[in-house]
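Written out below as structure tokens is the structure these notes cover.
Throughout, read-outs are computed from the coordinates displayed, never taken from laboratory work. In this text, all values refer to a predicted model and were calculated from it rather than measured experimentally. No Cβ is skipped: glycine too gets one built from the backbone with ideal geometry, and neighbour counts run over all protein chains shown.
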Amino acid sequence: MNKQAESQPGHPQQPTHLPATSPLQAGQPPLLEWHDVTVAYGRRPVLWHIDLTITTPCLYGIIGPNGAGKSTLLKATLGLVPTAGGRVQFWGQPLAAVRPRLGYVPQRETVDWDFPVNVMDVVLMGATSRLGWFRRAGRRERELARACLDRVGLADLAGRQIGRLSGGQQQRVFLARALAREADIYLLDEPMAGVDASSQEEIFAILAGLRDAGKLVVAVHHDLRTAARWFDAVALIDMRLVAAGPTATVLTSSNLQQTYAGRLGILDELSDAVARGDRTS
Amino acid sequence: MMATWVSATPWEWLAAIGPMHGWAVATAAVVSACCAMVGTVLVVRRLSLLGDAISHAVLPGIVVAVLLGGRPGDLGVLVGATAAALLTVALTEFFHKQAGLPEDAGVGVAFTTLFALGVLLVTVSGSRIDLDPGCILYGILELVPFDTVEVAGWEMPRAFVSAVVVFLVVGSGLWLTWRWQVFTAFDTEAARAAGVPTVAVTVGLLAGVSLATVAGFEAVGAILVVAMLVVPAAAAELLVKRLHHCLLLAVGLAVMGAAAGYLLAWKLNTSAAGMMAVVLGGEYLLAVLVAPQQGVLARGMSSVLYAWRVQCEDRLAAAWRAEEAGQSAPLPASLVAAAAWWWLRVQGRVEPAQSGARLTSQGRRDAELIVRSHRLWEAWLGRHAELPVDHLHPPAEWIEHHLGTRLRQRIEADLGRDVRDPHGSTIPPERG
């Protein structure tokens with residue numbers, strides 16, 4: 001398939017408002033790079049030829065309609081679903097070499113919130129995830145977990161069973177668990193979904209704080225109204241990369257038209273045919 | 001017989017059990033503790049059905065190991081059984097992923113096939129092995145004390161020794177990998193993303209299940225093993241809300257159920273395995289009744305308390321409205337209302353007066369807030385919900401018991417100053 005005809009992949013972008021003391025220097029590998037990544041469920045491709053580079057720490061949004069493959073891209077990035085082609089690199093290195101430097105916040109609905117653990121238990125999962133086999137949480141891990149709970153404003157709910165939290169609180173528990181990994185790149189799947197407006201602002205403030213501390217935050221997001229305000233740079237995705245770059249230049253009406261109305265059915269139809277092992281009509 | 005049993009003192013009772021039954025009880029207790037430990041994790045991972053499957057599917061592994069010269073309770077048999085268990089899981093995955101079968105159906109196909117294969121192997125090999133299909137289903141707990149081995153000079157039942165070994169292995173395995181077991185069970189994808197070897201953690205758990213199952217197989221049979229895996233864990237998860245508490249409680253419930261079930265069966269002269277499963281089921285029922293949040297009693301209690309609060313608040317509000325209209329408080333019209341009046345008097349919110357009763361100053365303040373909530377809600381609904389005026393009272397009669405200070409103020413701000421309710425009454429101000 002001709003990549004150029006299907007999309008106009010973004011080139012390495014540097015959000016304009018970022019401080020000039022960007023860590024990117026000539027010859028230094030980019031923070032995060034997807035090189036021609038294709039993902040298929042079974043034989044059905046759901047994400048075609050993603051070619052995208054993030055060079056500086058920023059708040060990076062992955063935007064697109066339902067079924068566009070946003071979450072899939074995140075999961076492929078973390079090796080949770082296999083790629084059918086292409087590669088992902090962090091600081092020029094493969095996933096296996098950098099896993100401890102990554103934090104992941106999955107979608108809130110993916111877990112059973114009636115599970116018998118309390119808030120502290122969940123955050124400790126992040127704090128202790130670097131310890132190897134047979135090691136148990138010690139004082140350092142507990143203090144770290146407590147500090148992370150404090151950062152998301154849930155310090156006084158440490159002992160509460162997770163099923164008795166509101167949606168926004170549950171999302172912040174997940175965020176605290178990722179913070180407890182003390183990562184350099186955070187990948188979040190729909191961190192604002194099902195969260196009330198004031199919790200959204202709090203979560204956004206925490207993410208902005210991470211960015212200001214020099215971390216890269218990549219978040220899957222579907223709400224265009226807030227995307228423009230929150231993200232420094234975005235990638236518009238609809239089974240392929242439609243456009244990528246600084247938010248103001250990417251969220252244009254023609255790009256949105258292409259993303260939200262412009263799947264043209266071609267990739268859909270092609271995916272069906274590939275899944276069948278057949279030709280399109 | 002029943003009479004002597006009931007009248008005996010505990011000590012006589014214990015002495016009457018004797019070493020034979022004592023060993024049987026001890027074996028049953030250790031076996032059920034093993035099963036409850038792994039069962040706790042299985043149940044929260046929604047893998048109960050897989051535990052069921054494993055407990056049946058280990059049979060061909062046991063038979064093959066026995067045919068190759070192992071003896072029930074030996075290490076070789078444990079290995080064979082674990083291999084068969086993992087084969088079940090692999091087959092299930094295969095049916096699910098490759099053949100597109102729903103996962104539960106895949107489990108159903110895999111374990112019934114393997115179990116049937118085991119039954120065939122037992123019957124075909126006939127006298128060459130001493131495994132009886134009936135024993136496999138129901139166990140031979142009563143015969144456990146007669147097959148003994150010597151350990152450090154002590155003669156002990158073989159099944160007890162292997163159960164203790166399995167308990168130590170499974171227990172320490174869980175203890176050492178607990179952190180990862182919890183993370184994987186709660187959120188497998190995030191655990192994988194964080195570098196937890198989730199496949200190894202799961203395989204380890206399933207190997208533990210098959211070990212516990214094999215330990216239980218000989219003693220209590222395939223059917224009861226399923227009960228021991230699932231029932232105490234399910235009961236414990238109703239009662240406590242952290243996974244390691246669940247595990248400890250499940251072990252306690254399982255041991256209690258095993259001991260009580262065995263002794264009851266002995267006294268009533270019936271199947272030990274069957275009675276243990278019945279006792280475990282009884283424990284689960286009890287847990288359903290007394291569970292702190294979702295329990296039948298707790299929910300019943302909270303609806304009764306709610307109804308009582310509503311009743312008391314309605315009495316207060318009625319008295320306030322009567323006062324507003326310059327009348328005396330209405331007499332209670334029902335027994336419940338009379339009880340509510342009595343309770344309000346005990347609380348000092350109403351006091352006796354010449355014509356019946358009147359509100360105290362505390363009672364007046366409380367009543368005012370309820371009437372205020374009622375009228376605010378009527379006004380708000382009237383403005384925002386397009387309801388005819390005569391439909392506003394019932395919803396307000398309900399919501400007046402649920403509005404707090406902050407929301408009342410928000411509603412008031414939304415309505416603006418000096419608002420009356422849709423019936424023209426003034427809305428009392430907030431003065432808590």
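Structural remarks
- Across region B:299-415, the mean sequence separation of Cα contacts (distance under 8 Å, 6 or more residues apart), normalised by length, yields a relative contact order of 22 percent.
- Stokes-Einstein D (µm²/s) once Rh is taken as the Kirkwood radius of chain B over alpha-carbon pairs, at 25 °C in 0.890 mPa s: 93 µm²/s
- Structure-based [θ]222 nm, chain A - -39500 (n - 2.57) summed over DSSP H runs of at least 4, per residue, nearest 500: -9000 deg cm²/dmol
- Chain B: DSSP helices with Cα axial extent of at least 24 Å and average Kyte-Doolittle hydropathy no lower than 0.0: B:10-44, B:48-67, B:75-97, B:103-125, B:158-186, B:198-239, B:243-268, B:272-290
- Per residue, the average separation of C-alpha pairs within less than 8 Å and at least 6 apart gives region A:151-227 a relative contact order of 34 percent.
- Across the options A:PHE174, B:SER162, B:HIS244, the greatest Cα extent toward the positive end of the charge dipole of the protein assembly as shown (unit charges at beta carbon of Lys, Arg, Asp, Glu) belongs to A:PHE174.
- Charge sum, other residues only, whose C-beta stays under 12 Å from B:ALA413's C-beta, Lys/Arg counted +1 and Asp/Glu -1: +1
- Leading residue at positive end of dipole, region B:299-415 (Cβ point charges), from B:HIS402, B:LEU381, B:VAL350: B:VAL350
- A full extension of the chain between B:VAL288 and B:ARG406 corresponds to an added length of 38.8 nm, given 0.36 nm per residue minus the alpha carbon distance.
- Sorted peptide list for A:98-111, B:29-42, B:98-111, criterion being average Cβ within 10 angstrom, highest first: B:29-42, A:98-111, B:98-111
- Estimated translational D of region A:3-276 in µm²/s (Stokes, Kirkwood radius over Cα pairs; 10 °C; 1.306 mPa s): 82 µm²/s
- Around the Cα centre of region B:18-292, unit charges on the Cβ atoms of Lys, Arg, Asp and Glu (plus for the first two, minus for the last two) sum to a dipole of about 440 debye.
- Test item: Cα-centred dipole of region B:130-210, Lys/Arg +1 and Asp/Glu -1 on Cβ, debye: 500 debye
- Over region B:323-429, the Kirkwood radius and the radius of gyration, each from Cα atoms, give a ratio Rg/Rh of 1.01.
- Region B:299-415 - charge dipole about Cα centre, Lys and Arg +1 at Cβ, Asp and Glu -1, debye rounded to 20: 420 debye
- Pairs of lysines in the protein assembly as shown (C-alpha under 25 Å apart; 8 or more residues apart or interchain): 6
- Using equal-weight Cα scatterers in the Debye expression, the normalised intensity of the protein assembly as shown in log10 at q = 0.05, 0.06, 0.10 Å⁻¹ is -0.39, -0.55, -1.09.
- Pairwise label distance in nanometres, B:LEU68 with B:ILE17, each label 7 Å out on the Cα-Cβ vector: 3.8 nm
- Entry note, chain A: relative contact order of 27 percent, from Cα contacts under 8 Å with a spacing of 6+ residues.
- Length gained when the stretch A:PHE134-A:ALA213 is fully extended (0.36 nm per residue, less Cα-Cα span): 25.2 nm
- Only one residue of A:SER281, A:TRP230, A:GLN257 has its Cα farthest out toward the positive end of the dipole of region A:163-281, where Lys and Arg carry +1 and Asp and Glu -1 on Cβ, and that residue is A:TRP230.
- The protection proxy used here, the mean number of other Cβ atoms lying within 10 Å of each residue, ranks peptides A:34-47, A:57-70, B:327-340 as follows, highest first: A:57-70, A:34-47, B:327-340.
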